[in-house]
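Undergrad: Structure below; questions to follow.
The values are calculated or read from the model by the stated rules, or taken from the named source; none is laboratory data. From a predicted model like this one, the values you see are computed outputs, not experimental measurements. Methodologically, a virtual Cβ is constructed for each residue, glycine included, from the backbone with ideal geometry; neighbour enumeration extends over all protein chains shown.
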C-alpha cells in the first residue's frame, strides 16, 4: 500500500511529520493531491491540547490541490483538475444540510463537545497537512479553480476568508454600519475585509501589533485601536460618540475580547463571534442590559461546500480583496514542524504560512 | 391642580398607593384614563430593588383605557376613544426606530445599564398603575380597540403577549420546529402560544407548578417537563432522540434556565431569551461547542407601538389564542398593595391580576 | 428483466397505463415500491399538453411507499423501510442546493423553459404513478415515516402540503397578517392551512365551489369570498376597510387570479404565486403602483428533500393540520385512467384521489 | 405674506418658475431653506404627463439646505443647522412605518394609483425646487450634515443613492454574486455602486451611451454591455456561461428592460425593479418558467427618513463611493426651465444637474 507524508497529532504539545498509507477512495469520495496548504490557529489549539482530537490524526483543513482519483459515484469532475475544498465539508444530503445548516453536518457529540460536526478534516477525519487528503462527499465539496488563480491567492478561501467573511455575514452588516473587529489575526483581518465588502462605512480594528494594525488599514479598517493604549471599550465608545457599534466581531476566543465586544454594542446590535474558546465565558449583567437590549450573540463556524468556495474564489478573481500579503512565510511539508514552531509562537510577524508538499 | 391615585416606588421593598398630580399634556402626548391594568414580573424586580428605577416613580406599563385628552399635534384620534398602548413606547422618529429597533428608542445609559431606552412607562417616566397615564408620542402608540373586545381580553397585549410572542419570533420559529420554553409564568405561557401560532409542531414546556403545566398544554404545549422529576436537559434530549431543539425560549431570567436552554439546542439552534436577569451569566464551554456551533443567543425586549398592538388585538379577536384564563385574580386600584403582595409571593396559583381604578 | 405497470404520457390528451422495465438501481439511487400515490393538477397540465414532457415518460411525483432496493453508496436506510420522497428531489450537492435553492437543482433549460430543474419525477425522469419508482440522490430524498401514520395521512406531504405551505412561507406571513388565497383547490387549501399555521389572523379564501369554500373554513379561512357573487377585488378591499392584504397567495395559474392578487395587495404587500401558468401574464400599471409600491411577487416551486418531508410529517403527526378530508376518491393503479378522467374534469367534488398499486 | 420662487407644474409639458407664499410651519413641521437641489427622472415623467400630479404643485424631492424655522413640537435641532431630507418623508408614527414599510406611509390611493404614499415632496405636497420647502414630520426626516461635506457631495443622498442602493439591497445581493444593472442613468449607476458596496463580484452594466458605460466602470461595473451591439440577454447569458445572474436590477421603467432582466435571471434569482413604469407590463411565460422558477420580482421606492440619510452621508464621508462626477451641469434656480430642457432631452451628456437658489 503506497504511503505518504502527513503531519500527525501525537499528544498535546506534539504534532510530527510521519508516514501513513494513502487512503482508499470510497464511491462518494475523492483523493486530492495537495499542492499547497497552511496552518490555522485552531491547529495550535489542537497542538496545545485545548481542543481535543484523536491521537494519530492528520491535522490540517485548508487544502489546495489536484484531483488524484474520483470515487465511482462522483460525477462532473476529471482527474487532474485543480480544485480546493472548504475546511468544512458538508455532505449536502444530511438533515442539517437540507435545513440550511451545512456547517453542522456531522456525527454530533464528540469528546463532550456537542457539535462542530461539519468540521471533519483534521478534526474527526484525516486532514490535509499531507501529500494527499481524502475528500468526503466530493460532489458537494470539490470546487474547480479558474485559470489564472495561483495557489497562494486562493489558499485563504477554505477557512480564513470563509470564516472571516462569515463574521460580517452573520453580523448582518448593512450599508452604513459601524463595525468593530476585536483581534486582527488572519481571521480578524478577513472579517475587516468582509465588513468592508458588505458596505460598512466605519470599520474599527482592535489589536496591538503594529503590523496587524497596518494590514487592517489596507484591508478596510477606517480606524485602528491599540488596546494597550487605553481601555478599548472606552476608546470605541468615544469614537462612536457614545452610540456604540452596529456589529462587533470577536475573532480571538477569549473572555476579554468577548466581553469588550458585548460592551460596545449599541442597543439592538449584534456580537458576531468567530473565536474558538477554551474556557467558560461570562456575560456581565451590566454589559447585557439585563437581557433587555435586543442584542444578538451569533457564533459562526466556517461555511464550506463548493458553492461557498466558488464565491470566495470569485472575490479573489474580481480583485475586490487582496489577501496575498497574509502569506508571510513559506515552508516545505518536510519542514512543517518548524512552521508549527514559528506560527505557534507568532514569531517574526507571521500571519499565515504556505506549506507545499 | 387635579390629583390622582398612583402606585409609587418608594424604596426597595416598598411600592405604595399615593396621590400625584394628573400630568399636563404636551403637544405630542395623550392623557389616557386607565380602565384596567396589571402587575408584571418586572415590577416585582423593581419592588425587590433588583432592577433600578427612580424613587417616586409610578410603576406599571400595561395600560388599557380611554383617551382623556389629546396633545395639540396628535391627529387621527378622538377623546373618549378606547385604546391601549404597548409597554414599550417608541417615538417612531428616532434613529433607533427608523433603523428597525424601536424597542430601544430612548436615552441610552441609565443607572449603569446600557439601554432599555424604549421601555419608558414605569421605568423612566410615570407608569400606568394609576388613574391616568401620560402616553408619549401618542401618534405612534395609541392603538384603538375594536368593538367587542373586553378589557381583560386585551390586557395581555401591551406586554405579556407581545413579549412572549417575540420569544418565538426572535427565535425564528418555522413550520415543523421543535421548541422548548423554560419557565411557564405568563411570559412563558405566551411564548408557548406564540410558538404554536408560528407553526412549531413539537412544543415542550418546562416548569414544576402543576397549574402552569396544565395551562401550557391548553395553550399549545405538546409535552410538559417537570424539572423536579429529573434533569430537564436530559429529559429534553431524550424526548428529541438526542437531536436537541431548534429553538429554546428562556422566560425567567436565571442562570439555570439560561444554561439549560443553551444545552438543549441542536447545532445551529437559537436561544431566544426573554428573561430579565439580575446577575451575571455564565456560558459553559461544554454547552457552547467552543463557539463553533452556529448558535444564536437573541434577547428581545417587548415590541411596542400601535401596529404591534393592532396585530395582537387581531390575534385575540380571531380566537386563535385565548389568554383569558391567565387573569386569575382581580383587584381595585385601591387594593394594589395587596395585589403586589399576592403576585410577588406567587400565592394562590396567581398568573396575572387585573387592576381596575 | 422484470416489468411493472406505469402511467405513461403518450401524447397530449393521452396518459395510459402500460408496462415498463423495473429500473436498475445506480449507486446513489434507491428503488421505492409505491404503496400509495396521487394525481396532481400539474399532471393535468401535462395531459392537456400545456406543460411539455417527453413522450413515454411515467407521470407522477407524489410517492408513498417502501424501500425495495438501496444503491451501493446510500447509507443510513434499510430495505423494507417505509418512506416518502418529495415531488422535488434535490441532489444536495449541486451549486443550486448549496446556494439554498434546492428546488431549482437540475439541468436548467428544457423545451424552452428556463428551469424547473429540481422537479424530476414525472417531468424529466420517470415518475411514481407506477408500481416502482427510482429515487435519485436517495440519501437526500428518502424520508422515513414514523409509526402510526397512514399512507393517506402523509400522501399530501410530497407536493400539496409542501407547495401550499410554501405559499405562506414565501409570502413571509407574520403573526397578525391578513392573507388572501385565490383558488381553493388542494394547493390553495393547503395554503390556507399554511397561513394559519404561521399566524395569520384574517384569512380570506376565494373560490366559488361551495364544497371548497366549506373545506377552506375547516382548514383556517376566517372569511370566504365567492368570486361569482361580485368582483373579488372589491369584496376583499371592502373586507379590509380599503387597506388591502399583507399577503396574497395565487394558487391557480391564471391571469385573473394573478391580477386580482396584485390588486388587493397593501402597499408593501407580497404576492406569493404558486400556480403553474400556461400563457403570458400581464401586470396592469394601475395594479402595480407604477413600480413604486414596494411590492414583491415571489414564485415558489414545491420544496423537497427529506428534511422538508420530516417537518411536514411532523405537522401531520402533531395534529395541527388535518388534511385527510382532501382525499375524496380512491382508485387502484389499474384504474388510473378513470382517475385521470374524474380528476381532470373535476367531477363529483373531487379534491385529491388516492391511487394504490 | 412673504413669497418665494418655485418651479411649478402647470400642465403636461409645462413646469415654470413662479412665485408662491412661503409656507406656514405647523407644530411637527420644519421650514428648510434650500441651498442646493436637483431634477430627477421622475420629474420628467411628471413634466410629460406620464405620472400625474396636481396642477400648481411645486416639483422637486431632493433637498439640501438649512433649517429656517422649526415647528413647536420638533425637538433636537437648531435653526441654522445644515440638513438634508430624503425624497420620501415617512412620518415614523403611521401603521406603515411601524410595520417596517415607511416608504409607503401616506394617504393611499391617488389618481387611480394605489399608493406611493410615502413620496410626498413634489408629488402630493409642494416640493423643493424652490427657495424654501416645508418638511413634514421633521423629527423623522431632518438629517444633520457632518462638517466637511459639501452640498454637491450629498446631493445624491435624498433620492439617487437611496434608490440605487435599494436596488441592490432589495435584490439581497450577497458576497460573490453576479449582478446585472439595466440602464445606467443616475439611478442605475448608483445601483452599480450599491451592488459593489454589498459584495457582488461580477457586475454587468447595460446601456449604450459611452459616457454612461465609462462612469459605470468607475463605479464598480466589471463588464459593460452595449445593448445596440447584440441582444443583451444573449450577451449576458454568454458572459455567465449560461448560468444567468443572481440579481438583475431594472433601472429605467420599460417593458424591454423589465423583460430582459427577467430573462437573464438564474433559477431562484431576483429581479429588483427600480423604474417608474408608464404602461402595463408583460411577463412572457418563457421568461417566467411557468411560475416554477423560485424567482422574485421586487419593486422598491426610495427609502427615506433621517437614519437612511445618515447612513448614506456616512457612505460619502467614508470615501467608499464617489458620486461627484454625476453632477455634470449647474444652474441657478432662476434658470431651472433651461435645466429642465437640458435634462429632459438628455443633451450634452447630462447625468445630474445641481440647482442653487
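Undergrad: If a residue must be farther than 20 Å from residue D:188 by Cα and either touching a helix residue (DSSP H, G or I) at 6+ places or on another chain (Cβ under 6 Å) or assigned to a loop (DSSP other than H, G, I, E, B) (or both), how many such residues does segment D:307-322 contain?
TA: 1
Undergrad: Can you tell me which residue in segment C:269-283 is nearest to residue D:259 (Cα to Cα), limited to those that are within 23 Å of the chain's Cα centre (by Cα) and not in a loop (DSSP other than H, G, I, E, B)?
TA: If we take residues in segment C:269-283 being within 23 Å of the chain's Cα centre (by Cα) and not in a loop (DSSP other than H, G, I, E, B), then C:281 is nearest to residue D:259 (Cα to Cα).
Undergrad: Considering each residue of segment A:253-268, count those that are more than 8 Å from chain B (Cβ to nearest Cβ) and in a loop (DSSP other than H, G, I, E, B), and give that number.
TA: Result for segment A:253-268: 2.
Undergrad: Residues being over 17 Å from residue C:176 (Cβ atoms) and surrounded by 24 or more Cβ atoms within 10 Å (Cβ to Cβ): count how many of those fall in segment B:143-163.
TA: 1
Undergrad: Pull up segment A:238-251, narrow it to residues that are part of a loop (DSSP other than H, G, I, E, B) and more than 10 Å from chain B (Cβ to nearest Cβ), then point me to the one that is farthest from residue A:277 (Cα to Cα).
TA: The residue in question is A:241.
Undergrad: Oh, and also: Considering only segment C:284-300, I want to know if a residue exists there that is buried (at least 22 other Cβ atoms within 10 Å of the Cβ), assigned to a loop (DSSP other than H, G, I, E, B), at positive phi and not assigned by TED's automatic domain parsing to the domain that holds residue C:220.
TA: No, the conditions are met nowhere in segment C:284-300.
Undergrad: Please give the number of the condition residue A:241 fails out of (1) in contact with a helix residue (DSSP H, G or I) (Cβ under 9 Å, 6 or more places away or on another chain); (2) modelled with pLDDT under 95; (3) on the phi > 0 side of the Ramachandran plot.
TA: (1)
Undergrad: Select from segment C:1-37 the residues that are outside any strand (DSSP E or B) and touching a helix residue (DSSP H, G or I) at 6+ places or on another chain (Cβ under 8 Å) and write down the one among them that is surrounded by the most Cβ atoms within 10 Å (Cβ to Cβ).
TA: C:28
Undergrad: Got a number for residues in segment A:100-122 being modelled with pLDDT of 90 or more and touching a helix residue (DSSP H, G or I) at 6+ places or on another chain (Cβ under 6 Å)?
TA: So the answer is 0.
Undergrad: Going residue by residue through segment B:328-341, is there one that turns out to be within 24 Å of residue B:221 (Cβ to Cβ), surrounded by 24 or more Cβ atoms within 10 Å (Cβ to Cβ) and at pLDDT 95 or above?
TA: No, that holds for no residue.
Undergrad: Still on this model: Check whether at least one residue in segment A:217-229 is at pLDDT below 95 and at the interface with another protein chain (Cβ under 10 Å from one of its Cβ atoms), and report yes or no.
TA: Checking segment A:217-229: not a single residue is at pLDDT below 95 and at the interface with another protein chain (Cβ under 10 Å from one of its Cβ atoms).
Undergrad: Now a separate question. Name the one entry in B:49, B:92, B:86, B:60 that is under 25 Å from the mean Cα position of the chain (by Cα), assigned by TED's automatic domain parsing to the domain that holds residue B:126, without any contact (Cβ under 8 Å) to a residue 40 or more places away in the chain and not in a strand (DSSP E or B).
TA: Within the list B:49, B:92, B:86, B:60, the selection yields B:49.
Undergrad: Right, next: Considering only residues that are under 17 Å from residue D:95 (Cβ atoms) and more than 10 Å from every other protein chain (Cβ to nearest Cβ), look in segment B:62-85 and name the one that is surrounded by the most Cβ atoms within 10 Å (Cβ to Cβ).
TA: My answer is B:85.
Undergrad: Also: Checking residue B:191 against (1) modelled with pLDDT of 95 or more; (2) surrounded by 24 or more Cβ atoms within 10 Å (Cβ to Cβ); (3) in contact with a helix residue (DSSP H, G or I) (Cβ under 9 Å, 6 or more places away or on another chain); (4) away from chain C (no Cβ under 14 Å), which test does it fail?
TA: The number of the failed condition is (4).
Undergrad: Which residue, of B:270, B:208, is over 30 Å from residue B:347 (Cβ atoms) and either at pLDDT 95 or above or surrounded by fewer than 17 Cβ atoms within 10 Å (Cβ to Cβ) (or both)?
TA: The match here is B:270.
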